[in-house]
1. Does any residue of segment 86-94 turn out to be of a type in the set (F, W, Y) and within 9 Å of the ligand (Cβ to nearest atom)?
2. Only one of L103, L123 is open to solvent by less than 20 Å² (accessible area, probe 1.4 Å) and more than 11 Å from the ligand (Cβ to nearest atom). Can you tell me which?
3. From A162, A142, A180, which residue is over 30 Å from D300 (Cβ atoms) and either small (G, A, S) or touching a residue at least 60 places away in the same chain (Cβ under 8 Å) (or both)?
4. Restrict the check to segment 177-194 and report whether at least one residue is within 16 Å of the ligand (Cβ to nearest atom), assigned by TED's automatic domain parsing to the domain that holds A130, of a type in the set (K, R) and in contact with a Phe, Trp or Tyr (Cβ under 8 Å, 6 or more places away or on another chain).
5. Does T109 meet the test of being within 16 Å of the ligand (Cβ to nearest atom), in contact with a Gly (Cβ under 9 Å, 6 or more places away or on another chain) and within 29 Å of D169 (Cα to Cα)?
6. Could you tell me which residue of segment 365-386 is nearest to the ligand (Cβ to nearest atom), considering only residues that are open to solvent by less than 20 Å² (accessible area, probe 1.4 Å) and closer than 15 Å to R71 by Cβ?
7. When the residues of segment 302-315 are narrowed to those that are open to solvent by less than 40 Å² (accessible area, probe 1.4 Å) and under 18 Å from A111 (Cα atoms), which ends up farthest from the ligand (Cβ to nearest atom)?
8. For segment 227-262, give me the residue count where each residue is outside any helix (DSSP H, G or I) and free of Cβ contacts under 8 Å to residues at least 24 places away in the same chain.
Amino acid sequence: MQRRQFLRQAGATLAVASTAGLAACAPPPRASTAASGSVVAPGTRLGAEGVELAPIRASIDRITGVYVCTRPFRAAGPRIEAQKLGHKTVVHNYGHGGSGWSLSWGSGTLALQMVQATGVRELGVIGCGAIGLTTALLAQRAGFSVRIYAKDLPPDVFSMRASGLWTPDSRICDAAHAPALADRWERMTRISHARYQSLLGLPGKPIEWIDGYSLADAPFGKFHGEVPDEPEFGDFSDRVHDLTPRPVELPPGSHPFPEPYVRRYTTLMFNISSYANYLLSEFLAAGGRIEQREFTRPEDLLKLPEHTLVNATGYGARALFGDDTVIPVRGQTARLVPQPEVNYGLRMRDISVVPRSDGIMVQVIGDTGNFNNPDITPRREDSEAAVRELADLMTGMRRG
Ligand SMILES: Cc1cc2nc3c(=O)[nH]c(=O)nc-3n(C[C@H](O)[C@H](O)[C@H](O)COP(=O)(O)OP(=O)(O)OC[C@H]3O[C@@H](n4cnc5c(N)ncnc54)[C@H](O)[C@@H]3O)c2cc1C
C-alpha cells in the first residue's frame with residue numbers, strides 16, 4: 001500500500017473509532033479541526049477520572065523541523081569485534097538498528113573490554129553519534145586518553161534524529177539470528193539500563209521516565225511492530241521484563257481517549273538535545289579532544305597516531321569498511337514546538353508521539369518502503385498527515 005493512501009485510510013479508521021468513542025462517552029460537542037489550526041485551547045485539561053492530560057497543540061504550522069535518518073540494521077545484530085588493520089587494532093562497534101541510544105552503554109562496555117585487551121592507554125574513536133560518544137566516555141572513565149574523529153558532530157549526526165525512547169530490541173537483528181545474539185543483547189541491555197538510572201534527575205533532564213498511552217480499536221495482542229515489507233525481527237522483550245513497569249489496561253471511562261482500548265505504559269525517554277549536550281560536555285570536561293575529518297577507506301586510519309581505534313561510524317561503516325551487511329532502514333520524525341506541560345507519550349496504530357523537551361516528536365510508524373532505503377530526503381507531507389491525525393485525536397478527547 002502506498003504511504004499516503006495508508007495514512008489516509010488510517011486517518012479514516014481513527015475518525016470512525018473516535019466517533020464511536022464519542023457516542024459512548026457522550027462528551028460535549030467538539031469543534032472540527034482546522035487544516036492547520038490548533039483547536040484545543042491552551043490550558044484545557046483532557047481528563048476523565050484517573051487520567052488528566054495537557055492537550056498537544058498539534059497543527060502543521062507548529063512543526064519546527066522534519067528529520068530523516070537511516071537505522072544501521074544488520075541481520076546478525078551489531079558488529080562488536082576486534083580486527084587487525086596493519087599495525088593497528090580496530091574495535092568495531094556499529095550496526096545498532098533502531099536501538100543505538102538504548103544499547104549504547106552496554107555496547108560500549110563490550111567494545112571497551114576489547115580495547116583494554118590491546119594494552120594501550122590512548123584511544124581514537126571514529127564517530128561522534130550515540131555509540132561513539134558513549135564509548136569515548138566509558139574509555140575516559142577507565143583511564144584512557146581519548147580523541148574522537150568524525151565527519152559530523154552533534155547536532156548533525158543521524159543519532160540526533162532518533163525518536164528518543166528506550167527501545168533496546170527495535171530492529172536489532174532478524175528473527176533467524178536472535179538465538180545467537182540473545183545473551184549478548186541481554187547483557188548490553190542490562191548494562192545500559194543501569195547506566196540510564198544514574199543519569200536521572202540531572203540539570204536539563206537528559207533522561208526521564210514518562211508515562212504513555214497505547215490506543216487501539218481492538219484488544220491488545222503482543223505488539224511486535226511488524227511492517228509488511230520488512231523481515232521478522234528478533235524480539236527479546238521477554239528477557240528483560242523486570243526492567244520496566246508492566247503496561248496497565250485502562251477501562252473505558254477512566255481515560256479521556258475516544259478509542260475503546262487504552263493501555264498505559266511507562267518507559268525511559270531520552271531528551272536527545274540535552275542528552276547529547278551532556279555527553280559532549282562530559283567528554284570535553286575530562287580532557288577529550290575532537291577532530292572533524294572524514295575517512296574514505298580503512299587505510300586512511302593507518303595514519304592516525306593511536307594504535308587502537310573504535311569504529312563507531314554507524315551507517316557510515318557500510319561505505320568506509322565496505323560492509324554491505326549494514327542495511328539502511330529509513331525513518332522520519334517531525335518535531336512540534338515544545339510544550340513543557342505535555343509529559344505523556346502516545347502510540348497509535350500508525351503514529352508515535354514522544355514529549356521531548358526539544359520538541360514534541362511525531363513519527364509515522366508501520367509504514368512501508370523504508371527497509372533498504374537510503375533516501376534521506378524529508379517527505380514533509382507524510383509528517384503533516386501524521387500531525388493532522390494527532391490533531392483529530394486531540395479534538396476527540398474528553399475535556400476535564
Ligand atoms: C527514525 C529513527 C528513530 C530512532 N529512534 C530510536 C530510539 O527511540 N531509541 C533508540 O535507542 N534508537 C533509535 N534509533 C536508532 C538510533 O538512532 C541509531 O541506532 C543510532 O543513532 C546509531 O548511532 P551511531 O553512533 O552508530 O551512528 P551515527 O549517529 O550515524 O554516528 C556516526 C558517526 O560516525 C561519523 N562517520 C560516519 N562515517 C564516517 C567516515 N567515513 N569518516 C568519519 N566519520 C564518519 C558520523 O559523522 C557520525 O559522527 C532511531 C533511528 C531512526 C532512524
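1. First, pick out the residues of segment 86-94 that are of a type in the set (F, W, Y): 94.
Narrowing further to those that are within 9 Å of the ligand (Cβ to nearest atom): 94.
Looking through segment 86-94, at least one residue is of a type in the set (F, W, Y) and within 9 Å of the ligand (Cβ to nearest atom).
2. Details: L103 fails: more than 11 Å from the ligand (Cβ to nearest atom).
Going through L103, L123 in turn, the sole match is L123.
3. Numbers: A162 fails: over 30 Å from D300 (Cβ atoms); A142 fails: over 30 Å from D300 (Cβ atoms).
Only one candidate passes the filter, namely A180.
4. No, every residue in segment 177-194 fails to be within 16 Å of the ligand (Cβ to nearest atom), assigned by TED's automatic domain parsing to the domain that holds A130, of a type in the set (K, R) and in contact with a Phe, Trp or Tyr (Cβ under 8 Å, 6 or more places away or on another chain).
5. Values: within 16 Å of the ligand (Cβ to nearest atom): yes; in contact with a Gly (Cβ under 9 Å, 6 or more places away or on another chain): no; within 29 Å of D169 (Cα to Cα): yes.
In short, no.
6. In the first step, residues of segment 365-386 are kept if they are open to solvent by less than 20 Å² (accessible area, probe 1.4 Å); the result is 367, 370, 382-383, 386.
Of the ones still in play, those that are also closer than 15 Å to R71 by Cβ are 367, 370.
Numbers: D367: 11, N370: 9 Å.
Only one residue fits best here, namely N370.
7. So in segment 302-315, the residues open to solvent by less than 40 Å² (accessible area, probe 1.4 Å) come out as 304, 306, 308-314.
After this cut, where a residue has to be under 18 Å from A111 (Cα atoms) as well, the list is 306, 308-314.
Numbers: E306: 14, T308: 17, L309: 11, V310: 11, N311: 9, A312: 5, T313: 4, G314: 2 Å.
Among those that are open to solvent by less than 40 Å² (accessible area, probe 1.4 Å) and under 18 Å from A111 (Cα atoms), it is T308.
8. Let us first name the residues in segment 227-262 that are outside any helix (DSSP H, G or I), namely 227-236, 244-262.
Narrowing the set further to residues that are free of Cβ contacts under 8 Å to residues at least 24 places away in the same chain leaves 245-246, 248, 251.
Qualifying residue count for the region: 4.
The values are calculated or read from the model by the stated rules, or taken from the named source; none is laboratory data. Because the structure is predicted, anything quoted here is derived from the model rather than measured. No Cβ is skipped: glycine too gets one built from the backbone with ideal geometry, and neighbour counts run over all protein chains shown. Surface areas here come from the heavy atoms of the whole protein model, side chains and all, with no ligands, DNA or RNA. Shrake-Rupley method; radii C 1.70, N 1.55, O 1.52, S 1.80 Å.
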